[in-house]
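Structure first, then comments.
The values are calculated or read from the model by the stated rules, or taken from the named source; none is laboratory data. Keep in mind it's a predicted model, so treat the numbers as computed, not measured. So basically every Cβ, Gly included, is an ideal-geometry build from the backbone, and we count neighbours across all protein chains shown.
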Amino acid sequence: MSLRQRQPRQKDDKHLQFVRGLPCVVCGDNTRTEAAHVRFGWRKAAKRDVGKAEKPDDRWALPLCGRCHREQHEGNEMMFWHTRNIDPIFVCLALHASSGDHEAGEQIVRER
């Protein structure tokens, strides 16, 4: 039986800085936005599940204010996104594809 070795986390400080410069994707607050990582996995997007002690790659980050970020981590994360009618995987992929283009990033957050 072979165990799958954990892949090293892909870090991208420049992308995280871009994400932090955008308004919250949930409430629109733009005063203290944090880069929030989506933790659940989704095979269609080649996103694997991560454990509590592991953070996903930085491409799986989107902007949340501090209050919304705390709510994201309370309880069921998938339900958090579902009740807000937000597809966080799509938002992360779109933001990563336009990383560095603030105008495009704001449009993605608005249109989510």
Selection from segment 61-75 of residues more than 19 Å from R32 (Cα to Cα) and either in contact with a Phe, Trp or Tyr (Cβ under 9 Å, 6 or more places away or on another chain) or part of a helix (DSSP H, G or I) (or both) yields E74
All-but-one check, F90 against (1) under 10 Å from the mean Cα position of the chain (by Cα); (2) free of Cβ contacts under 8 Å to residues at least 40 places away in the same chain; (3) surrounded by 15 or more Cβ atoms within 10 Å (Cβ to Cβ), failing number (3)
Scanning segment 22-50 residue by residue, those assigned to a loop (DSSP other than H, G, I, E, B), at pLDDT 60 or above and under 14 Å from the mean Cα position of the chain (by Cα) turn out to be L22, P23, C24, V25, V26, V38, R39, F40, D49, V50
Only unsatisfied item for K55, checking (1) at pLDDT below 95; (2) touching a His at 6+ places or on another chain (Cβ under 8 Å); (3) part of a helix (DSSP H, G or I), is (3)
Taking segment 83-107 and keeping only residues that are part of a loop (DSSP other than H, G, I, E, B) and among the charged types (D, E, K, R), one is left with R84, D87, D101
